[in-house]
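The values are calculated or read from the model by the stated rules, or taken from the named source; none is laboratory data. Quick caveat, the model's predicted, so the values are computed rather than measured. Cβ coordinates were reconstructed from backbone atoms using ideal geometry, including for glycine residues, and neighbour counts include every protein chain displayed. Surface accessibility is based on the protein's heavy atoms, side chains included, excluding ligands, DNA and RNA. Shrake-Rupley method; radii C 1.70, N 1.55, O 1.52, S 1.80 Å.
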Amino acid sequence: MHFEEFSDGNTLIHRLDPRVKILSVCLITVALALSYNLPGIIVGLLFSVGLIFAARLDGRKVLSRFAVVNGFFLFLLLILPLTVPGNPLYRVGPLTISDRGLTYAITLTLKGNAIYAAMIALLGTSSIVKLGHALHHLRVPGKLVQLFFFSYRYISVLHDEYLRIRRALKIRCFTGKTDLHSYRTYAYVVGMLFLNSYDRSQRIYRAMLCRGFSGELRTIDHFALGWADLAFLILQATVAASIVTIQVVS
Amino acid sequence: MIEIRDVTFSYHSGVPILRGLNFSLSHGDRVGICGPNGSGKTTMLQVIMGLLRAHEGELRIFGKQRSKEADFFEVRRKIGFLFQDPDDQLFCPTVKDDVAFGPLNLGLEVDEVEKVVDDTLETLGLEPLRERVIYRLSGGEKRLVSLATVMAMRPEAVLLDEPTAGLDEDTTLRLAGVLREHFKTYMIVSHDRAFLESTVDVLYRMEGGKIYRPEYR
């Protein structure tokens, strides 16, 4: 499990108040998502990539994350130019590459990468615990924050359970094939995981009851907003506003 | 403190797992219970905590009859329960949060909670783990942190379900020392004879849903 690969560090970005980071990501995401104007998107992309550099993250790890995301965009780049109607740029046999399709695909790819870069640089550089508490302080409904925490706490337990079952399969010489026996076995594995997690959730709930849980999660963490945080929030808002302005003007 | 009279309980399958169980625990008792798998040891602990409801019989805890969910709020406040699997007990992201969970539910102020957390971790020698993320703790550390979460509620008694399962010798010894030193009243369910001998004054045997007279005193 790869958790919090980027959260250790002591740059200005790492030290920002997690509440500010969450708000910033929301701002830039909305601005970029609404924009379909290339110069505006490039401004956003440059700013977000700049943040990654400012956070001095491990370049190899960052690139490998981007590779995963761009795997999806590769499909868009292949399909959209051929399917969206517009003026033809090239003809290759029966296929036509349209100008509108191509711009579409390129804008989407750049937008996606810009948003993803902002997430790595801002959300990735805070620990999950801090982000959860920040959500709580931003008045996100308690149930959602609890879900967030529980997923973080138990995803590794669930993963271990899965690995345990897989080892049990291996020592009895199971190799996955495309036949009924394999599919049935996979179904058993998924079924076991569901059952195990249901049982576990019951036990956890009981453990919470034993410690006086009454439906409300309280925290003892508090954040203090500094000048640097405010300055960053204003900077981020300016970038988001300029993306929107470029969009509106053109 | 705890009095169980003629309690029966069965799970959905209908086979009774507690059959006319009688038992009592008083202040200052340090009691161990051993017995084969499926003899109802864990079930009994869960009935005492109100996690399972007895079908018949009488359950008196702190001098009051306990039968409805609301009756057990006081029980859970005053009696701590250590679960078999620490992964069930520890559900917060960090050690500090988990230890603070109980005291916060008891309605303590934030700075009081901080103090309770620090005191508890110090008593158990766990201060270095304060900020640690729970899923990165070892099995032994998880067990000791579980005990800290129970201890932070300042319980009058503690029920422990297989506390030594999966622990190495050193951690087992450490756990026994902590129990002896910091807890006056407890009931331990375990298969670990050596551990029981080093922690309890009376050892009962449970079999077929009943508790028999003490093996030694």
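Looking only at segment A:8-23, residues that are open to solvent by 20 Å² or more (accessible area, probe 1.4 Å) and under 16 Å from the mean Cα position of the chain (by Cα) come to 2 in all. Number of residues in segment A:120-133 that are modelled with pLDDT under 90 and of a type in the set (A, V, I, L, M, F, W, C): the value is 3.
Can you go through B:K184, B:K142 and tell me which one is open to solvent by 20 Å² or more (accessible area, probe 1.4 Å) and in contact with a helix residue (DSSP H, G or I) (Cβ under 8 Å, 6 or more places away or on another chain)? Quick ask: steps written out before the conclusion?
On the way: B:K184 fails: in contact with a helix residue (DSSP H, G or I) (Cβ under 8 Å, 6 or more places away or on another chain).
Testing whether each residue is open to solvent by 20 Å² or more (accessible area, probe 1.4 Å) and in contact with a helix residue (DSSP H, G or I) (Cβ under 8 Å, 6 or more places away or on another chain) leaves just B:K142.
Summed over segment A:164-196, residues that are open to solvent by less than 50 Å² (accessible area, probe 1.4 Å) and either within 14 Å of chain B (Cβ to nearest Cβ) or under 16 Å from B:D88 (Cβ atoms) (or both) total 1.
Taking the stated definitions as given, is A:A117 over 30 Å from A:R218 (Cβ atoms), touching a helix residue (DSSP H, G or I) at 6+ places or on another chain (Cβ under 6 Å), in a helix (DSSP H, G or I) and hydrophobic (A, V, I, L, M, F, W, C)? Yes: the conditions hold for A:A117. Do you know which residues across segment A:24-59 are surrounded by 18 or more Cβ atoms within 10 Å (Cβ to Cβ) and in contact with a Leu (Cβ under 7 Å, 6 or more places away or on another chain)? Once the filter is applied, which keeps residues that are surrounded by 18 or more Cβ atoms within 10 Å (Cβ to Cβ) and in contact with a Leu (Cβ under 7 Å, 6 or more places away or on another chain), segment A:24-59 yields A:S24, A:V25, A:I41, A:G44, A:L45, A:L51. Just one of the listed residues (A:S126, A:S156) is in contact with a helix residue (DSSP H, G or I) (Cβ under 6 Å, 6 or more places away or on another chain) and either within 25 Å of A:Q202 (Cα to Cα) or assigned to a helix (DSSP H, G or I) (or both), namely A:S156. Within segment B:119-136, the set of residues being closer than 12 Å to B:T94 by Cβ and of a type in the set (G, A, S) is empty.
The residues on offer are B:D119, B:D71, B:D87, and the sole one that is open to solvent by 20 Å² or more (accessible area, probe 1.4 Å), facing another protein chain (nearest Cβ under 9 Å) and among the acidic types (D, E) is B:D87. Only one entry in B:L82, B:L18 is within 19 Å of A:S201 (Cα to Cα) and either in contact with a strand residue (DSSP E or B) (Cβ under 7 Å, 6 or more places away or on another chain) or away from chain A (no Cβ under 14 Å) (or both), namely B:L82.
A:L138 meets the conditions (1) open to solvent by less than 30 Å² (accessible area, probe 1.4 Å); (2) within 25 Å of the chain's Cα centre (by Cα) in every case but one. The failed one is (1). B:L25 falls short on exactly one of the conditions (1) within 11 Å of chain A (Cβ to nearest Cβ); (2) touching a residue at least 24 places away in the same chain (Cβ under 8 Å), and that condition is (1). Scanning segment B:49-57 for residues that are outside any helix (DSSP H, G or I), more than 14 Å from chain A (Cβ to nearest Cβ), at pLDDT below 90 and in contact with a helix residue (DSSP H, G or I) (Cβ under 6 Å, 6 or more places away or on another chain) turns up at least one hit.
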